[in-house]
Structures are given as structure tokens and as C-alpha cells.
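Values quoted throughout were computed directly from the atomic coordinates according to the rules given, and no laboratory measurement underlies them. In this text the structure is predicted, and so the values were computed from the model without any measurement. Positions of Cβ are backbone-derived with ideal geometry, glycine not excepted, and every protein chain shown enters the neighbour counts.
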Amino acid sequence: MGKTKKYCYGFCLLISVAVNILFSINLYVGGDKRQVISNQSTLTWSEKAAEEAEAVAGIYCSGHGRAYLDGLISQGQPVCECFDCYAGSDCSELSPGCAADADSGDPVFFEPFWMQHATDSAVVISGWHRMSYRYADGTTMSKELENYIRKLHSVVGNAVTEGRYIVFGIGSTQLLNAAVYALSSENSSSPSNVLASIPFYPMYKAQTVFFNSKDFQFEGDTNSWQSNNQTNKMDVIEFVTSPNNPDGELKKPVLGGKTIYDHAYFWPHFTPIKGPSDHDLMIFTLSKLTGHAGTRFGWAIIKDKDIYDKVLNYISVADLGISKDTQLRVLKLIKVAVEGDGMPLFEFSYNKMKDRWDRLTSVFSKSTKFSIQQRHPLYCNFFNETRLPSPAYAWVKCEREEDHDCSAVLKAGKIIGRNGSLFSADDRYTRLSLIKSQDDFELLLKRLTELI
């Protein structure tokens with residue numbers, strides 16, 4: 001019995017020693033393997049690029065300017081590019097007599113959102129990224145980006161994309177003329193008549209006239225044209241801008257023929273979304289969705305295959321497709337836009353616009369010399385509540401009979417707007433942009449308060 005116990009203890013000791021040896025081998029050898037894996041995930045070529053980007057983003061510009069990797073260099077360092085009315089090496093010097101520039105439609109008011117989401121929205125591009133003209137499937141458009149655009153419209157509920165074709169363009173601007181080209185009648189004995197309802201976005205006329213095609217010509221205002229022509233006997237292409245630039249109205253077609261729906265501003269921060277737009281040809285732009293106007297990206301949603309092919313051919317002949325670097329950045333931005341079912345982005349942007357309209361309306365309510373457009377509450381399916389529109393622009397009217405040039409009246413008060421005549425309207429109207437930086441808006445409100 002004693003011998004049995006002795007052998008048992010000896011066997012157990014042997015097993016224990018063997019287990020400890022195996023554990024030690026795993027600890028050191030396995031640890032080396034884990035270290036190798038860890039080393040493989042360490043940044044290599046992208047580390048320097050990331051450091052440069054963070055260093056430039058951290059340059060102090062007093063909150064009134066920004067430094068950029070592609071900006072001017074002084075003494076080996078990027079310099080601050082100051083916002084309007086600010087100067088100095090760190091943009092801390094405010095010009096006291098500076099005019100408020102409310103002319104541009106630069107949507108810089110989104111900037112704080114993207115600074116808050118710096119990690120998720122950053123893009124690092126390798127030197128060999130997408131060097132070919134085409135993707136692996138032979139196309140010039142990213143399929144993954146197209147999928148996310150469809151997801152975006154599904155989340156927001158502002159456009160039908162199922163069973164539709166999507167084409168990318170260099171901003172919506174390029175797609176506007178591509179659409180006119182695609183809808184024009186090549187076999188017609190006379191060119192197609194391109195029209196829009198006053199007040200309308202100046203680019204409709206400017207592009208149509210500039211390209212000077214034998215297939216289409218700009219004929220001006222829909223209502224004036226309709227009263228002088230028999231629409232059912234004429235080939236017409238109508239721009240329907242909804243919401244409208246400059247007054248934010250939800251426009252509808254007048255003529256009932258071929259239409260191009262310009263939905264640049266059809267997002268929850270500018271207008272309540274009553275339901276998905278379901279038209280033959282609809283155009284959207286990244287600039288008014290996320291604020292990235294400089295990225296120059298837009299897309300068209302098209303029902304008819306022949307029209308799709310013509311628009312695609314236009315883009316191919318003009319540019320051989322859209323920059324692959326641009327498409328990568330847009331994909332990254334839209335991924336952020338749809339996070340949380342779009343609520344973080346659209347709550348931020350809506351609250352910004354609502355605050356600006358609340359303050360602007362308060363100022364104009366004290367005036368009999370000036371007025372702004374009326375806004376009417378609508379139910380928004382995205383936010384699930386009734387809300388007032390918060391358009392990108394104030395459409396200001398000078399009410400005094402002697403004030404024929406409203407832009408000049410405002411300019412005398414150190415406010416720069418965009419003349420009504422540029423939108424084919426009366427110069428008693430002026431457009432004021434509400435989507436620039438917070439500095440720009442605060443100065444605009446200050447100058448309006450002084451004037452009113």
C-alpha cells in the first residue's frame with residue numbers, strides 16, 4: 001500500500017512538472033507570436049502623414065481661422081488662413097469697420113460637427129491608392145459609395161432609390177447640364193426650351209447659355225413662357241428647385257413636361273421632410289448635406305435607363321469619371337452621416353439653422369423697412385414632429401417705395417448680399433446667406449441690428 005502511494009505521488013509530480021514546462025513554453029513562445037502580431041498592426045507609412053495632419057490641425061488661429069496642409073508656408077510652417085474680417089499671424093485682429101459678407105453659399109456652419117467627429121471622418125490615402133481610371137468591375141463609380149448613398153436616402157426618407165440608377169458628378173453643377181443634355185431632343189427640328197420659375201438659381205441660365213448647344217436653349221421664366229406658348233406643342237425642360245434657392249419654397253412643376261428636380265437643399269436641417277421624392281430625375285449635392293463644398297461631389301437619381309446612359313456618357317466624355325480620392329472621402333463622410341440613423345448630423349445642423357432663424361426673425365420683426373420670406377410649419381417624417389423650415393438663405397425685401405435697389409441699401413449698412421436680379425427677380429430683393437461660419441453670422445446679425 002505504501003509503495004502504491006509512493007508511485008502515485010511520483011506520477012503526479014511528473015505530470016505537474018510537465019504541465020509547468022508546457023505553460024512556460026507557451027508563455028514565452030506564444031508571447032513572441034502575439035508580439036509579432038502586435039508589431040504587424042503598428043503604423044508604418046501612414047504614421048508620418050497622420051502626424052503632419054494633426055500638427056497642422058493643432059496650429060493656433062484664435063478660433064477665427066485655420067491652417068491647412070496645402071496652405072501657404074512661412075519659415076517652414078503652414079500659416080493661418082483667417083476668416084473674413086480677421087487678420088494677424090494668429091487671426092486675432094478684428095477689423096472694426098468690416099462689412100458682413102452674406103453673399104456666398106459656403107456651408108461652413110457644419111465645421112464644428114466634423115471637428116467633433118475628427119476620428120471617424122479622417123481619411124489617410126496611400127500614394128498608390130486607386131491609380132487606375134476604373135474600379136475592378138470596370139466602372140468609374142464606387143459601388144460601396146453608391147450603396148451608402150442609397151442607405152442615406154432610406155434613413156432620411158427624402159428620395160426613392162429602389163429600381164433607380166445613380167450617377168456621380170463633380171458637384172450638382174455638372175449634373176444639371178448633363179441632365180439638360182440627356183433630356184433634350186436631338187431629333188427635334190428646334191432646340192428644347194429650358195425654363196425655371198422666378199426666382200431661380202442663376203446657374204440654370206448661365207450653363208445653358210454658356211454651352212450654346214443646338215439641342216437646347218434657355219427661355220427664362222415658366223409662367224411668362226406658358227402665357228405666350230402652347231406647352232403641349234413644344235419641347236420643354238423645366239428645372240424644379242425644391243426647396244428653392246433663394247427663397248426656400250418647396251416648388252412644383254408649372255408646365256408638366258420633362259423635369260429636373262434640383263434637391264440640393266432637400267435635407268432635414270433646411271426643410272421638413274414630408275416624404276420621399278419620387279421623380280424621374282433628381283439631383284443632390286454633398287455640399288448642402290455635409291458642408292463639404294470644396295470636395296465637389298453630387299449625384300443624380302434617374303428612373304429611365306436611356307436617360308441614365310446619356311448622363312453617364314456626358315460625365316465620361318467630360319471627365320472620365322469622378323476622382324477616386326473624392327469618392328473615398330465622400331464614402332467616409334456619408335458613413336458618419338448615417339450613424340445613429342442620421343440623428344447626430346441632422347440634429348446638429350437643424351439646431352444651428354433653427355437658432356439662426358430664431359435670432360434673424362427677431363431682428364426683422366422690429367422693422368417696417370425690411371421683410372423676409374414667410375415660413376409655414378410642416379410635419380417632418382424624419383424628426384417625427386411638426387417644424388418650421390429653416391432655409392439656407394434669407395430672401396430680404398426692401399419695403400420702402402424709394403428703395404429700388406435693396407442690395408445697395410444693405411451695402412450702405414455694411415452688409416453684402418446677392419442682388420435679386422441675379423435670380424431674375426426684382427432688385428427690391430436680396431439674398432443673404434445664413435450657412436457661413438459662426439463668425440460670419442454673428443457679424444451679419446450685428447450689422448442688421450444696427451441697420452434696422
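With a length cut of 15 Å (Cα positions projected on each helix's long axis) and a Kyte-Doolittle mean of at least -1.0, go through the chain and give me the DSSP H helices that pass.
The qualifying helices are 2-25, 45-57, 143-156, 171-183, 305-319, 324-337, 343-364, 438-451.
What number, in percent, do you get for the relative contact order of the stretch 143-340 if the mean sequence gap of Cα pairs under 8 Å and at least 6 apart is divided by its residue count?
The normalised contact order for the stretch 143-340 reaches 30 percent.
Tell me which of 210, 298, 145 sits at the most positive position along the dipole axis of the chain, charges placed on C-beta atoms (Lys, Arg +1; Asp, Glu -1).
Value: 145.
Relative to the Cα centre, what is the charge dipole magnitude of the chain, using +1 at the beta carbon of each Lys and Arg, -1 at the beta carbon of each Asp and Glu, and rounding to the nearest 20 debye?
The dipole of the chain has a size of about 1680 debye.
Quick one: longest stretch of the chain between exposed loop GluC sites (Glu not before Pro), exposed meaning at most 15 other C-beta atoms within 10 Å and loop per DSSP?
187-398
Throw me the Rg/Rh for the stretch 56-98, computed over C-alpha atoms with Kirkwood Rh, two decimals.
That ratio equals 0.99.
Kindly provide the pair-distance distribution of the chain built from C-alpha pairs, with 20 Å bins from 0 and whole-percent values in order of increasing distance.
Reading the bins upward from 0: 21, 48, 20, 6, 4, 1, 0.
In whole Hz and in residue order, list the ³J(HN,Hα) couplings for the stretch 252-265 that follow from phi through the Karplus curve 6.51 cos²θ - 1.76 cosθ + 1.60, θ = phi - 60°; x for Gly and Pro.
Taking θ as phi minus 60°, the curve returns 10, x, 9, 8, x, x, 6, 10, 10, 8, 8, 9, 3, 10 Hz for the stretch 252-265.
Take the alpha carbon atoms of the stretch 101-156, find their center, do the same for the stretch 229-303, and report the distance between the two centers in whole angstrom.
21 Å
Test of the criteria: in the stretch 94-199, which trypsin sites (Lys or Arg not before Pro) are in a DSSP loop and have at most 13 other Cβ atoms within 10 angstrom of their Cβ?
134
Nearest 5 is fine: what % of DSSP beta bridges in the chain come out antiparallel, could you say?
Around 60 percent antiparallel, to the nearest 5.
So which trypsin sites (Lys or Arg not before Pro) in the stretch 188-260 are both in a DSSP loop and have at most 15 other Cβ atoms within 10 Å of their Cβ?
214
Have a look at the DSSP beta bridges in the stretch 143-340 and tell me what percent are antiparallel, nearest 5.
Of all bridge pairs located within the stretch 143-340, approximately 35 percent are antiparallel.
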